[in-house]
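Just below is one structure, and these are the notes that go with it.
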Amino acid sequence: MCGIIGYCGHRPAVPLVLEGLKRLEYRGYDSAGLAFLQLNKLEVIRSEGKLCNLEEKVAKTANTFAPISIGHTRWATHGLPVERNSHPHKSNNNALAIVHNGIIENFQELKDELLQKGYVFYSDTDTEVLANLISDELDALFAAKFSKKYEQMQAELESISQNSLQYLPYMEEAFRNALKRAHGAYAVVLLSPLIPQHLLAARLSAPLLLGIGIGEYFIASDVPAFLPYTRDVVFLDDNEYVVLSASSYAVKNIYVGEEIAKTVHHIPWDLQGAAKDGYKHFMLKEIMEQPRVLQDCLVGRLQDDMVCLPELDTLAVPDSIRIIACGTSYNAGLWSQYYLEQFAEIPVTVEIASEFRYRKPILNKNELVVVISQSGETADTLGALRLCREKDYPVLGICNVLGSSVAREATVSLYTQAGPEISVASTKAMLSQMVVLLLLALYYGQRKKLACPVREVLRELKALPEILENALPKMRDKAKEFAFQYAFAKSFFYLGRGIAYSLALEGALKLKELSYIHAEGYATGEIKHGPIALIDPDFPTFALAFDDENFSKVRSGIQEIKSRQGRVISLLQEGTTLENEDLWYIPKTKLPEFIALPAMQLFSYEMADYLGKDVDQPRNLAKSVTVE
Ligand code: F6R
């Protein structure tokens, strides 16, 4: 995900900003850039690819002693990862440059308005629209006060550095006016030659924090960016902006402009810990950020209670779908079969990529191939994709990494927008795949004009981030408790029925890859056809018992295990109960999979941590399996 750092103080700002960007590298990015003032002129340097490319360009630039600078690493989600789309973005009149994380949802509407006024856009980004919107607001204020626009004031502006406060109120007001019109999510930082000693920064639904030094202030999307200099931090809240200089800062409300008293927090982490946002492992961090992932996956894909996937509009509605993937991504695909068949009434086959590609597979006429891959580089999945493309079948790639091979080679791609996943075991990526697949089912239901409950499902989906956010701390406690109780096990069954079946497979996969405990996922109804022979007091079961039409059958399955002295952890929703001592309640929702999945991830995490395993890098595993 994108990273931001801004600095004003007594040190040379450009090298400091570059160092800060390096400390944000772990988030993943595909281009980077920075801006500073040189002889009170705005200079912007940007570069595709790694930070060393940017460093090389910066090294060729004369003044790196500027005391104020902003920088950005971009992880493209909208618009290609090319230099013209990387940040900072300048306004047409060079009055300001901004860096921005998040998505301005109404950017097209704002852009159309600015195009009509004669603004020109050099990138595909919403950020450039915001930069010009701020400068347009500024021009309106200048026209009212000085009867001139910014460009016509160049002569007066040359003497600005001596008297920077003169224009600060105008810039602040323009900044606020523009942000009031921007819907969506943003963490934004502004640098302008009009206010050469100040930075302005604001947030709405995207992290932004102020670092407080002595004679210097920092603004960043994440603590590691400035951690070598200070651990004193002010967290900005939604609809707040901050005016900072080397000697002071003031946090204010965007809507009323009034100053807000903020608490300074002291960060106890060291640099390495902070890269994990204070979590012990990346895996835990990635599990805990799933409420945000749920939100991010929806951004730009819903309009008036309808699902919009414009990437697919030019492809015909398929008669059947073949989903191909490996590991956790396969489990997400299997899960989606239920919804694609239910909501879109399209028959679905789900295949393991390494099996599919070595058969002589027969695909149906008008069949859509969907390949799912977090990394977009898994060799078997790519092999299957290529096989289908050679046969001229349309392939939809669902992946998380922009510009990956799957994304490039598929006919069309949908990005899951989960942000980089660093822990080898996939967690948030699967959740994001499930969101996209559910949207896909609704989308085809819409296109086929079926009576599918789009509105109701979207309502449930939109409520999930808050439900999950509130549930996570309690779920972690419960996971710890059960991990402690069940760490004796050498083997585990995971059982699920209906939509819970694929989750049972995923629960078992997570447990074995992290804690090296043997685990098998089964369809609850299948257990009595053989596997139940294994049950004894030392062979526990993790059963998923959602409050749906399968509940009574799942309850009978659990009873069969209990009556053979098998110990069972039952994951069930509030409002239901079972004759079992180890009950794990999750909140009631019509989409319990999105809560149960993080619960099982936490259980595997706590088990592995308790047993002293290498959680983020389990033995023998790699993040992306690029060999067959
Ligand atoms: C398990 C896990 C793997 C991957 C599999 C496919 O936690 O991460 O099973 O899901 O290797 O990887 P992608 O999705 O990158 O194709």
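What is the residue count in region 331-354 for residues that are within 16 Å of the ligand (Cβ to nearest atom), in a helix (DSSP H, G or I) and surrounded by fewer than 24 Cβ atoms within 10 Å (Cβ to Cβ)?
Keep residues of region 331-354 that are within 16 Å of the ligand (Cβ to nearest atom), which gives 331-336, 350-354.
Imposing the further condition that a residue be in a helix (DSSP H, G or I) reduces the set to 331-336, 353-354.
Subset that is surrounded by fewer than 24 Cβ atoms within 10 Å (Cβ to Cβ): 334, 354.
Counting residues in region 331-354 that are within 16 Å of the ligand (Cβ to nearest atom), in a helix (DSSP H, G or I) and surrounded by fewer than 24 Cβ atoms within 10 Å (Cβ to Cβ) gives 2.
Considering only region 310-328, state which residues are assigned to a helix (DSSP H, G or I), more than 22 Å from Leu495 (Cβ to Cβ) and open to solvent by 10 Å² or more (accessible area, probe 1.4 Å).
Restricting attention to region 310-328, the residues satisfying the condition of being assigned to a helix (DSSP H, G or I) are 310-312, 327-328.
Next, only the ones that are more than 22 Å from Leu495 (Cβ to Cβ) stay: 310-312.
Selection gives Pro310, Glu311.
The one condition from (1) part of a helix (DSSP H, G or I); (2) open to solvent by 10 Å² or more (accessible area, probe 1.4 Å); (3) touching a residue at least 12 places away in the same chain (Cβ under 8 Å) that Ala144 does not meet is (3). If you take the residues of region 583-622 that are touching an Asp or Glu at 6+ places or on another chain (Cβ under 8 Å), open to solvent by less than 60 Å² (accessible area, probe 1.4 Å) and modelled with pLDDT under 95, which of them is nearest to the ligand (Cβ to nearest atom)? Among those that are touching an Asp or Glu at 6+ places or on another chain (Cβ under 8 Å), open to solvent by less than 60 Å² (accessible area, probe 1.4 Å) and modelled with pLDDT under 95, it is Pro618. If you go through region 227-242 and keep only what is open to solvent by 10 Å² or more (accessible area, probe 1.4 Å), closer than 24 Å to Ser192 by Cα and not in a loop (DSSP other than H, G, I, E, B), you end up with Phe235, Glu240.
Looking at Lys262, Lys280, Lys276, just one residue is in contact with a strand residue (DSSP E or B) (Cβ under 7 Å, 6 or more places away or on another chain) and of a type in the set (Lys, Arg), and that residue is Lys262. Mind checking whether some residue in region 462-470 is buried (at least 19 other Cβ atoms within 10 Å of the Cβ), within 16 Å of the ligand (Cβ to nearest atom) and closer than 20 Å to Tyr279 by Cβ? No, region 462-470 contains no residue that is buried (at least 19 other Cβ atoms within 10 Å of the Cβ), within 16 Å of the ligand (Cβ to nearest atom) and closer than 20 Å to Tyr279 by Cβ. With respect to the stated conditions, Val243 is within 24 Å of Tyr7 (Cβ to Cβ) and either touching an Asp or Glu at 6+ places or on another chain (Cβ under 7 Å) or touching a residue at least 24 places away in the same chain (Cβ under 8 Å) (or both).
Just checking, which of Ala441, Ala407, Ala429, Ala384 is in a helix (DSSP H, G or I) and touching a Gly at 6+ places or on another chain (Cβ under 7 Å)? Ala407 is the lone residue from the list that is in a helix (DSSP H, G or I) and touching a Gly at 6+ places or on another chain (Cβ under 7 Å). Report, by residue number, each residue of region 59-114 that is open to solvent by 10 Å² or more (accessible area, probe 1.4 Å) and of a type in the set (Val, Ile, Thr). Residues satisfying the conditions are Thr61, Thr64, Thr77, Val82, Ile103.
Results for (1) under 32 Å from the mean Cα position of the chain (by Cα); (2) closer than 26 Å to Leu458 by Cα, shown as yes or no for each residue.
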| position | (1), (2) |
| --- | --- |
| Ser491 | no, no |
| Tyr501 | yes, yes |
| Leu509 | yes, no |
| Asp548 | yes, yes |
| Val568 | no, no |
| Gln573 | yes, yes |
| Leu578 | no, no |
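In region 427-447, the residues that are touching a residue at least 24 places away in the same chain (Cβ under 8 Å) and within 13 Å of the ligand (Cβ to nearest atom) reach residues that are open to solvent by 10 Å² or more (accessible area, probe 1.4 Å) and part of a helix (DSSP H, G or I) with C-beta atoms within less than 6 angstrom, at least six apart or across chains, in these pairs: Met430/Thr328. Among all residues of region 532-542, there is none that is over 19 Å from Asn580 (Cβ atoms) and within 16 Å of the ligand (Cβ to nearest atom).
Output the residue which, of all residues in region 377-416 that are of a type in the set (Val, Ile, Thr) and open to solvent by less than 20 Å² (accessible area, probe 1.4 Å), is nearest to the ligand (Cβ to nearest atom). Here the residue is Thr381.
Farther than 21 Å from Tyr249 by Cα, surrounded by fewer than 20 Cβ atoms within 10 Å (Cβ to Cβ) and touching a Leu at 6+ places or on another chain (Cβ under 7 Å): which single residue out of Glu55, Glu19 fits that description? Spell out the reasoning first.
Values: Glu19 fails: touching a Leu at 6+ places or on another chain (Cβ under 7 Å).
Result of the check over Glu55, Glu19: Glu55.
Among the residues of region 92-107, is there at least one that is over 20 Å from Arg46 (Cβ atoms) and among the small types (Gly, Ala, Ser)?
Taking region 92-107 and keeping what is over 20 Å from Arg46 (Cβ atoms), we get 105-106.
Now drop any that are not among the small types (Gly, Ala, Ser), which leaves none.
Scanning region 92-107, I find no residue that is over 20 Å from Arg46 (Cβ atoms) and among the small types (Gly, Ala, Ser), so the answer is no.
Return the total of residues in region 484-505 being part of a helix (DSSP H, G or I) and open to solvent by 10 Å² or more (accessible area, probe 1.4 Å).
Kept after step one, since they are part of a helix (DSSP H, G or I), are these residues of region 484-505: 484-486, 498-505.
Next cut, open to solvent by 10 Å² or more (accessible area, probe 1.4 Å) only: 484-485, 498-499, 501, 505.
Residues that pass the stated criteria total 6.
Test Gly300 against the criterion of being within 16 Å of the ligand (Cβ to nearest atom), touching a residue at least 40 places away in the same chain (Cβ under 8 Å) and out of contact with any Ser or Thr (no Cβ under 6 Å at 6 or more places or on another chain), and give yes or no. For Gly300, the condition - within 16 Å of the ligand (Cβ to nearest atom), touching a residue at least 40 places away in the same chain (Cβ under 8 Å) and out of contact with any Ser or Thr (no Cβ under 6 Å at 6 or more places or on another chain) - is not met. Could we say that Ser91 is more than 20 Å from the chain's Cα centre (by Cα) and under 14 Å from Thr125 (Cα atoms) here? So Ser91 fits the description; yes. Taken over region 273-283, the criterion of being of a type outside the set (Lys, Arg), over 21 Å from Ser373 (Cα atoms) and either in contact (Cβ under 8 Å) with a residue 12 or more places away in the chain or in a loop (DSSP other than H, G, I, E, B) (or both) is satisfied by Ala274, Ala275, Asp277, Gly278, Tyr279, His281. Select from region 506-533 the residues that are touching a Gly at 6+ places or on another chain (Cβ under 9 Å), closer than 25 Å to Ala425 by Cβ and open to solvent by 40 Å² or more (accessible area, probe 1.4 Å) and list them in ascending order. Passing the criteria: Leu509, Tyr522. Checking the structure you have, find out if any residue of region 544-560 is modelled with pLDDT of 95 or more, away from the ligand (no atom under 16 Å from the Cβ), buried (at least 19 other Cβ atoms within 10 Å of the Cβ) and under 16 Å from Ala479 (Cα atoms). Yes. Checking each residue of region 188-211 against the condition of being polar (S, T, N, Q), touching a strand residue (DSSP E or B) at 6+ places or on another chain (Cβ under 6 Å), buried (at least 22 other Cβ atoms within 10 Å of the Cβ) and under 26 Å from Thr125 (Cβ atoms) gives no match. For region 284-308, the tally of residues that are of a type in the set (S, T, N, Q) and assigned to a helix (DSSP H, G or I) stands at 2.
Among the strands (runs of 3 or more DSSP E) confined wholly to region 512-592, which include 1 or more residues that are of a type outside the set (Ser, Thr, Tyr) and more than 28 Å from Leu438 (Cα to Cα)?
Working: elements: 518-523, 541-545, 568-573, 582-586.
Per the criteria, 518-523, 568-573, 582-586.
Considering each residue of region 85-92 in turn, none proves to be modelled with pLDDT under 90 and outside any helix (DSSP H, G or I). Counting only residues that are without any contact (Cβ under 8 Å) to a residue 40 or more places away in the chain and surrounded by 15 or more Cβ atoms within 10 Å (Cβ to Cβ), region 355-375 holds 3 of them.
The values are calculated or read from the model by the stated rules, or taken from the named source; none is laboratory data. Just so you know, these numbers come straight off a predicted model, no measurement behind them. Here Cβ is always computed from backbone atoms with ideal geometry, including for glycine, and neighbour counts include all displayed protein chains. Remember, those area values only see protein heavy atoms, side chains included, never the ligands or the DNA or RNA. Shrake-Rupley method; radii C 1.70, N 1.55, O 1.52, S 1.80 Å.
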